[in-house]
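Colleague: Before I ask anything, let me first share the structure, which is written out below as structure tokens.
The values are calculated or read from the model by the stated rules, or taken from the named source; none is laboratory data. In this text, all values refer to a predicted model and were calculated from it rather than measured experimentally. Here the Cβ positions follow ideal geometry from the backbone for every residue, glycine too, while neighbour counts run over all protein chains shown. For the accessible areas, the whole protein counts, side chains as well, though only heavy atoms, and no ligand, DNA or RNA atoms are used. Shrake-Rupley method; radii C 1.70, N 1.55, O 1.52, S 1.80 Å.
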Amino acid sequence: MQWLTKNNYYVFDNVSGLGPCDVIAMNDDGNIIKIDIKSESIRQTGAQAGYKIRRMQSKQQKKMGIKLLMVTKEGKCYFYKND
């Protein structure tokens, strides 16, 4: 949420704790982004150990236009691009 604020968004938190998105962000132009925040994870075992775990939006999230915002262990943020 700090990253969004630093990038000139007003951030509205999900107070219910449940739901398809974690936050809604809006800029000064009124553009709104619905966001589900995820930690970037690396596989620890198996044939794909060391590779990032691929995250996908649920069907409901896709239908609602919710974007995934990934956060690295270093605290860097980026929007995940699904195929």
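Colleague: Where the second residue is open to solvent by less than 20 Å² (accessible area, probe 1.4 Å) and part of a strand (DSSP E or B) and the first is of a type in the set (A, V, I, L, M, F, W, C) and lies in the stretch 65-78, which pairs have Cβ atoms under 7 Å and are six or more apart or on separate chains?
Modeller: From the stretch 65-78, the pairs are Ile66/Ile35; Ile66/Asp36; Leu68/Asp36; Leu69/Ile35; Cys77/Leu69; Cys77/Met70.
Colleague: Then there is this: Of all residues in the stretch 66-83 being touching a strand residue (DSSP E or B) at 6+ places or on another chain (Cβ under 6 Å) and open to solvent by less than 50 Å² (accessible area, probe 1.4 Å), which is farthest from Gln2 (Cα to Cα)?
Modeller: Ile66
Colleague: Hey, can you tell me all the residues within the stretch 42-56 that are hydrophobic (A, V, I, L, M, F, W, C) and either under 22 Å from Trp3 (Cβ atoms) or surrounded by 10 or more Cβ atoms within 10 Å (Cβ to Cβ) (or both)?
Modeller: Within the stretch 42-56, Ile42, Ile53, Met56 meet the criteria.
Colleague: Can you report the number of residues in the stretch 27-59 which are more than 20 Å from the chain's Cα centre (by Cα) and within 21 Å of Asn14 (Cα to Cα)?
Modeller: 1
Colleague: Right, next: Within the stretch 28-41, can one find any residue that is in contact with a Leu (Cβ under 9 Å, 6 or more places away or on another chain), surrounded by 10 or more Cβ atoms within 10 Å (Cβ to Cβ), basic (Lys, Arg) and not in a strand (DSSP E or B)? Walk me through it before giving the result.
Modeller: Of the residues in the stretch 28-41, the ones in contact with a Leu (Cβ under 9 Å, 6 or more places away or on another chain) are 33, 35-38.
Next, only the ones that are surrounded by 10 or more Cβ atoms within 10 Å (Cβ to Cβ) stay: 33, 35-38.
The next check asks that each one be basic (Lys, Arg); those that pass are 38.
Next cut, not in a strand (DSSP E or B) only: none.
No, the stretch 28-41 contains no residue that is in contact with a Leu (Cβ under 9 Å, 6 or more places away or on another chain), surrounded by 10 or more Cβ atoms within 10 Å (Cβ to Cβ), basic (Lys, Arg) and not in a strand (DSSP E or B).
Colleague: Let me ask you something else. Under 6 Å by Cβ, and 6 or more places apart or on different chains, what pairs join a residue from the stretch 41-64 that is within 28 Å of Gly19 (Cβ to Cβ) and of a type outside the set (A, V, I, L, M) with one that is at pLDDT 90 or above and not in a loop (DSSP other than H, G, I, E, B)?
Modeller: Within 6 Å, the pairs are Arg55/Lys38; Arg55/Leu68.
Colleague: So Arg55 ticks every box in (1) assigned to a strand (DSSP E or B); (2) of a type outside the set (Val, Ile, Thr); (3) touching a Phe, Trp or Tyr at 6+ places or on another chain (Cβ under 7 Å) but one. Which box is left unticked?
Modeller: (1)
Colleague: Going residue by residue through the stretch 57-65, is there one that turns out to be among the aliphatic types (A, V, I, L, M), open to solvent by less than 50 Å² (accessible area, probe 1.4 Å) and either at pLDDT 95 or above or touching a helix residue (DSSP H, G or I) at 6+ places or on another chain (Cβ under 7 Å) (or both)?
Modeller: no
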